[in-house]
1. For LYS72, are the conditions met, namely being surrounded by 14 or more Cβ atoms within 10 Å (Cβ to Cβ) and under 12 Å from the mean Cα position of the chain (by Cα)?
2. Kindly indicate whether any position in the range 50-63 is modelled with pLDDT of 90 or more and assigned to a loop (DSSP other than H, G, I, E, B).
3. Inside the range 22-53, can you point out the residues that are without any contact (Cβ under 8 Å) to a residue 12 or more places away in the chain and among the hydroxyl-bearing types (Ser, Thr, Tyr)?
4. If I ask for residues that are surrounded by 12 or more Cβ atoms within 10 Å (Cβ to Cβ), assigned to a strand (DSSP E or B) and among the charged types (D, E, K, R), which ones from the range 1-43 would you list?
Amino acid sequence: MGMNLIEVDLEKIRPNLRLIYHLESLEMLGRLILSRGQVDPIQVWFDGEYFRIWDGEKRWRVCKMLGIRRVKALLVEFSEDQIFNDLLK
C-alpha cells in the first residue's frame, strides 16, 4: 500500500457516511484547526471520479464547517482486495 501527500478541494471528496458525531468533539477539533491549521492529513482513495475518505471524516467535516476549501490528504493506493478485507474487520 502506497501513500502520497496531496491537497484536495473539499468538493471533490465524498464522506464515508459516519453518522454519529459528538458536537463537543467537533467544536474542540474546530478550535484546534483554527489555531494551528490542519496538522494531520485525512486519508483518501480515488474511485475514478471522487476521493473517498478512508480515515479522517471528522477532520473533513470540521474543515467544511469552517469554510476551508482545501485539505491535506494522504492518497492511499491499494487493491480492491485490500479494501474488501479491511471492511470485513
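1. Working: surrounded by 14 or more Cβ atoms within 10 Å (Cβ to Cβ): yes; under 12 Å from the mean Cα position of the chain (by Cα): yes.
Taking the combined requirement at face value, the residue satisfies it.
2. Yes - at least one qualifying residue is present in the range 50-63.
3. Across the range 22-53, the qualifying residue is only SER35.
4. Listed by number, the list holds a single entry, ARG14.
The values are calculated or read from the model by the stated rules, or taken from the named source; none is laboratory data. None of these values were measured; they are calculated from a predicted model. Here Cβ is always computed from backbone atoms with ideal geometry, including for glycine, and neighbour counts include all displayed protein chains.
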